[in-house]
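Here is the structure we will look at, set down as structure tokens.
The values are calculated or read from the model by the stated rules, or taken from the named source; none is laboratory data. This one's a predicted model, so the numbers in the text were calculated from it and none came from an experiment. Cβ atoms come from the backbone with ideal geometry, glycine included; neighbour counts cover every protein chain shown.
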Amino acid sequence: MAKSKTDGIPYEKVEEDLRQQKFSPVYLFFGEEDFLIEQTVDLLIKQALDETAKSFNLDIVQGSDVDAKDIVSLASAYPMMSERRVVVVREIDRLADKEPLIPFIENPSPTTLFVLISEKADFRLKFYKSLQTHAVVVRFNQLYEDKIPMWIENRIVKLGKKITSEACQLLQSHVGRSLREIQNEIDKLFIYIGDKKLIDVDDVNAVVGTSKRYNIFELQKAIGKKDIATAQEIMERMMDAGEYPVSMIVMLTKYFQKLWLIPEVNRKGLSEYQLGSMLGIKQYFLKEYIEAARNYSSIQITKCFATLLEADETLKSSGRDEKLIMTLMVYKLINSNSVNFEQSKRLSR
């Protein structure tokens with residue numbers, strides 16, 4: 001599907017331009033992922049102004065605290081001992097009268113970087129239509145679940161260290177989708193590992209996780225073995241520790257996708273190293289995956305995908321007890337010929 005004009009350009013492209021000091025006079029940053037917006041604004045300020053110039057040439061104001069004339073006055077001022085000024089207006093949607101800003105947006109100062117931040121931009125309004133035409137517009141959506149591990153890995157690399165893919169997945173499973181909370185845990189991990197260069201599963205468990213016994217990898221292992229008692233205990237401990245059920249479902253879906261592929265890839269006569277490399281499974285986990293694949297037929301795995309989808313939709317569309325939904329889901333994954341959720345609820349009473 002083609003991107004809407006209101007989606008603007010990808011934030012990664014803006015970051016790349018800022019790092020190369022390719023600036024535009026006016027920016028609109030909007031969307032629900034406020035952590036990414038904050039990081040991008042910080043990068044813009046860092047790249048545009050020297051530390052010594054900030055006190056004279058940086059203004060950050062709230063839309064609820066100023067009027068349009070004040071903002072235009074700030075943005076029209078000349079820089080002092082610097083090539084440019086930076087003016088950031090947070091919560092621009094809370095500015096009572098925005099239209100007096102339009103002439104400046106259409107004819108901005110060549111020495112000012114003018115950054116407007118909004119949670120929700122209504123492009124039906126004249127003000128936002130003007131920004132759409134004359135500004136660099138960037139929409140910061142919350143990342144999809146499957147994009148977060150890569151974001152974690154890239155973030156840690158930018159900060160000078162590395163992290164294993166399993167540790168990325170485990171960190172996401174523990175924390176969920178909030179990038180701000182993930183960054184808080186990354187900060188703790190950096191303090192914990194000290195001079196160590198690679199963050200692994202044990203580090204994440206030590207800093208973020210409940211214990212080495214109760215995490216998504218142990219849950220996968222128990223489900224793969226069809227050990228329902230252990231799987232239910234791990235799932236309940238994870239839920240009690242505040243794990244996000246939707247993240248658990250994402251991880252389990254990826255797990256069953258790999259189980260689904262193992263018989264097909266095995267037919268090609270590959271070595272274990274080639275098999276693990278093709279499926280993205282570390283060698284020390286490969287035997288466990290192969291054994292689990294023997295416990296599930298292709299028909300059963302198909303039913304498991306349906307079970308995971310059903311649990312995901314039930315969690316997102318109802319106010320039901322999350323632990324009950326997850327308990328029934330684990331039961332159905334292991335007993336893949338089981339009845340549906342409504343029938344299971346009746347049987348569990």
Search result, residues across the range 88-105 that are charged (D, E, K, R) and touching a strand residue (DSSP E or B) at 6+ places or on another chain (Cβ under 6 Å): 90, 91, 93
Test: residue in the range 178-193 that is of a type outside the set (Val, Ile, Thr), surrounded by 22 or more Cβ atoms within 10 Å (Cβ to Cβ), under 16 Å from the mean Cα position of the chain (by Cα) and over 30 Å from residue 25 (Cβ atoms): no
Qualifying position, being in contact with a Phe, Trp or Tyr (Cβ under 6 Å, 6 or more places away or on another chain), under 30 Å from residue 64 (Cβ atoms) and of a type in the set (Ser, Thr, Tyr), among 178, 109, 118, 130: 118
Count - residues of the range 147-177 that are out of contact with any Lys or Arg (no Cβ under 9 Å at 6 or more places or on another chain) and surrounded by fewer than 20 Cβ atoms within 10 Å (Cβ to Cβ): 10
Given (1) in contact with an Asp or Glu (Cβ under 8 Å, 6 or more places away or on another chain); (2) exposed (fewer than 15 other Cβ atoms within 10 Å of the Cβ), index of the condition residue 130 fails: (2)
Hey, residue 315 in a helix (DSSP H, G or I), buried (at least 16 other Cβ atoms within 10 Å of the Cβ) and touching a residue at least 24 places away in the same chain (Cβ under 8 Å) or not: yes
Qualifying residue in the range 264-287 (condition: closer than 26 Å to residue 159 by Cα, free of Cβ contacts under 8 Å to residues at least 60 places away in the same chain and either in the same structural domain as residue 169 (by TED's automatic domain parsing) or not in a helix (DSSP H, G or I) (or both)): yes
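Quick grid of which residues meet (1) at pLDDT 75 or above; (2) of a type in the set (A, V, I, L, M); (3) more than 15 Å from residue 294 (Cβ to Cβ):
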position: 240; (1), (2), (3): yes, no, yes
position: 249; (1), (2), (3): yes, yes, yes
position: 260; (1), (2), (3): yes, no, no
position: 264; (1), (2), (3): yes, no, no
position: 267; (1), (2), (3): yes, no, no
position: 271; (1), (2), (3): no, no, yes
position: 277; (1), (2), (3): no, no, yes
Answer from 121, 96 - the residue that is part of a loop (DSSP other than H, G, I, E, B) and free of Cβ contacts under 8 Å to residues at least 40 places away in the same chain: 96
Where a residue in the range 71-93 is in the same structural domain as residue 21 (by TED's automatic domain parsing) and touching a residue at least 12 places away in the same chain (Cβ under 8 Å) and its partner, wherever it lies, is of a type in the set (Lys, Arg) and crowded, with 21+ Cβ neighbours inside 10 Å, with Cβ under 6 Å and at least six apart: 79/85
Residue that is farthest from residue 140 (Cα to Cα) [pool: residues in the range 174-201 that are modelled with pLDDT of 90 or more and among the basic types (Lys, Arg)]: 196
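Just name the residue that is modelled with the lowest pLDDT out of those in the range 219-238 that are surrounded by fewer than 19 Cβ atoms within 10 Å (Cβ to Cβ) and farther than 26 Å from residue 299 by Cβ.
Initially, the range 219-238 is screened for residues surrounded by fewer than 19 Cβ atoms within 10 Å (Cβ to Cβ), giving 225-230, 232-233, 236-237.
From the residues that got through so far, the ones that are farther than 26 Å from residue 299 by Cβ too are 233, 236-237.
On the way: 233: 92, 236: 91, 237: 88.
Ranking the candidates gives 237 first.
Just to verify a result, which residue in the range 240-252, among those that are part of a loop (DSSP other than H, G, I, E, B) and touching a residue at least 24 places away in the same chain (Cβ under 8 Å), is farthest from the chain's Cα centre (by Cα)?
Within the range 240-252, the first condition is being part of a loop (DSSP other than H, G, I, E, B), and the residues that meet it are 241-244.
Within this subset, residues satisfying the condition of being touching a residue at least 24 places away in the same chain (Cβ under 8 Å) are 241, 243-244.
Working: 241: 21, 243: 15, 244: 13 Å.
Looking at residues that are part of a loop (DSSP other than H, G, I, E, B) and touching a residue at least 24 places away in the same chain (Cβ under 8 Å), I get 241.
Looking at 143, 116 in this structure, which one is at pLDDT 95 or above and either in the same structural domain as residue 41 (by TED's automatic domain parsing) or farther than 20 Å from residue 74 by Cα (or both)? Don't jump to the end; show me each part of the working.
Numbers: 143 fails: at pLDDT 95 or above.
Going through 143, 116 in turn, just one is at pLDDT 95 or above and either in the same structural domain as residue 41 (by TED's automatic domain parsing) or farther than 20 Å from residue 74 by Cα (or both): 116.
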